[in-house]
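The values are calculated or read from the model by the stated rules, or taken from the named source; none is laboratory data. All values reported here derive from a predicted model rather than from experimental measurement. Counting neighbours? That spans all protein chains shown, and the Cβs are built from the backbone with ideal geometry, glycine included. These accessible areas exclude ligands, DNA and RNA; they are computed on the full protein's heavy atoms, side chains included. Shrake-Rupley method; radii C 1.70, N 1.55, O 1.52, S 1.80 Å.
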Amino acid sequence: MTVTANERLGLAPTDPRPPAETRPAADRTETNPLFGDQKMKLGLFGSNCSYGLIMSHAPSSYEITWEHTKEIAQRADRLGFDVLVPVARWKGFGGSTNFNGNCFETYTWAAGVAEATERIAVAATSHLPTMHPIVAAKQATTVDRISGGRFALNMVMGWVPPEMEMFGSEQREHDERYAYGQEWLDFVNKLWTEEGTFAIHSKYFDAELLEAYPKPHQGPRPALINAGNSPSGIEFSARNVDFNFASLDTLENIKGYTTKLKAKAREEYQREIHAMTYGLVVCRDTEEEAKRAFQQVVDEGDWGAAGNVIKIAGSGASQSFDHAVKEMQERFIAGWGGYPIVGTPEQVTEELGRLNEAGMEGMIFGLIDYNEELKYFGEEVMPLLKQAGLRH
Ligand SMILES: Cc1cc2nc3c(=O)[nH]c(=O)nc-3n(C[C@H](O)[C@H](O)[C@H](O)COP(=O)(O)O)c2cc1C
């Protein structure tokens with residue numbers, strides 16, 4: 001075993017009694033709306049990245065400036081949305097839009113958004129191989145303290161080779177990414193919860209005299225999200241996280257997926273997991289207008305960027321996007337492979353209800369023009385969701 005700096009330098013040990021304010025201040029069910037009782041939770045996805053969820057030149061006032069992303073976050077907060085989930089990207093997907101290439105780093109984005117909002121949960125999306133657990137745990141704790149216990153961590157394993165290569169190391173094979181993710185999360189969980197010092201000796205990490213203060217604001221730990229949909233991804237989710245995100249083609253398949261996911265968590269890990277989905281929402285006064293707006297996204301699509309995404313996804317880098325690659329290329333252009341909801345406020349409400357019945361307890365979505373369409377969503381769809389008993 002290596003000699004630690006403490007031993008080498010003859011340092012006095014840390015007093016094992018940390019001050020009271022370093023402990024969690026509240027149970028997360030009291031602070032984090034992700035653990036609230038809305039039947040169908042609502043969130044925004046991708047409002048930190050250029051073009052959000054659409055690979056398209058369809059007209060929109062959406063832009064990546066701090067003022068704009070903050071305004072969207074504050075609007076969603078005022079409307080009672082439950083969560084904001086950013087996309088983690090280190091470079092764009094090329095094409096005429098360089099899709100998602102102009103984007104804010106997600107922990108620092110979450111810190112700013114947390115300070116600018118009051119009630120909504122704020123996530124950071126973290127590529128686990130790009131950040132040491134000590135740094136991640138500390139950043140997450142800091143955002144959780146800023147937000148008063150509204151933080152969530154969306155853990156992604158890094159499925160896009162060109163951006164992982166920017167970090168100078170070879171991408172791990174698919175299932176090994178999840179094995180690394182497990183050790184990474186075990187490390188972070190210990191930093192979040194353990195008092196005093198501890199050691200970690202595992203396959204990927206080897207460290208002595210670890211400690212971290214303060215602990216997160218919400219106890220026992222912040223909300224955890226993962227969007228793994230492959231067998232190893234589902235295993236990781238069932239074992240560890242509070243929310244799994246998935247998008248499937250039909251309601252029947254969604255029902256099958258959510259039933260199996262929840263049963264797996266219960267039977268194999270004696271814990272509860274919630275399922276949520278994602279996609280593009282296009283809501284207009286008439287069905288025809290909504291369909292036209294959706295079609296415009298497709299017609300003005302950036303097929304170069306979409307082709308790049310499809311090539312990467314189809315290369316086996318991600319196992320779960322395979323179905324979408326073959327059958328639903330439009331879904332990438334209009335909604336990042338997610339579940340599209342296109343129609344009138346009544347139709348959007350009905351579809352959210354159907355997703356809920358199929359076991360989805362929430363949806364995070366993008367809009368062609370987040371800021372403008374959120375106003376409409378608040379006025380026209382929110383009241384109907386309440387009438388339908390999906391929200392209160
Ligand atoms: C809602 C959602 C958000 C995601 N966010 C990101 C992201 O920001 N960055 C990223 O590299 N991958 C992201 N992913 C990809 C997933 O982490 C995951 O790799 C993908 O769903 C494939 O699943 P698999 O890893 O089990 O094959 C996201 C997926 C979903 C469904």
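Left without a cysteine partner by the 4.7 Å Cβ rule in the chain: Cys283. Taking every C-alpha pair closer than 8 Å and separated by at least 6 residues, the mean separation divided by the residue count of region 190-299 gives a relative contact order of 17 percent. Between Tyr213 and Lys260, the modelled label-to-label distance comes to 4.7 nm, taking each label 7 Å out from Cα in the direction of the beta carbon.
At a 1.4 Å probe radius, carbon and sulfur cover how many percent of the accessible area of the chain? About 51 percent, which is the carbon plus sulfur part of the accessible surface. Taken per residue, the accessible surface of region 61-153 reaches 34 Å², heavy atoms only and a 1.4 Å probe. For a paramagnetic label modelled on Trp303 (point 7 Å from Cα along Cα→Cβ), amide N atoms under 18 Å away belong, within region 57-88, to 57-58. Rounded to the nearest 500, the 222 nm mean residue ellipticity of the chain from helices alone is -12000 deg cm²/dmol, with -39,500 (n - 2.57) taken per DSSP H run of at least 4 residues.
Measuring r between the beta carbons of Ala179 and Thr286 and using R0 = 35 Å, the FRET efficiency lands at 0.10.
Distances between placed amide hydrogens fall under 5 Å for Phe99 paired with Phe93, Gly94, all partners being 5 or more residues away or on another chain.
The convex hull defined by the C-alpha atoms of the chain has an orientation-averaged projected area of 19.4 nm².
For the pair His132 and Arg354, the difference between a 0.36 nm per residue extended length and the Cα-Cα distance amounts to 75.9 nm.
Each label point was placed 7 Å from the Cα along the Cα-to-Cβ direction; for Met166 and Ala199 their separation is 3.8 nm.
Give me the net charge for the shell around Gly94: Cβ to Cβ below 11 angstrom, other residues only, Lys and Arg +1, Asp and Glu -1.
The answer is +1.
Under the shape rule built on the C-alpha gyration tensor, where the axes satisfy a ≥ b ≥ c, region 44-136 is oblate, since a/c reaches at least 1.5 while a/b does not exceed b/c. When the chain is treated as a GNM with alpha-carbon contacts under 10 Å, the residue of Asp144, Asp285, Asp302 showing the greatest mean-square fluctuation is Asp285. DSSP beta bridges confined to the chain are antiparallel in about 15 percent of cases.
Region 328-392 and region 147-226 have their alpha-carbon centroids 32 Å apart.
Available extension along the chain between Asp15 and His392 is 130.9 nm, counting 0.36 nm per residue and deducting the alpha carbon span.
Between Glu170, Glu372, Glu30, the Gaussian network model of the chain with springs among Cα atoms under 10 angstrom shows the greatest mean-square fluctuation at Glu170.
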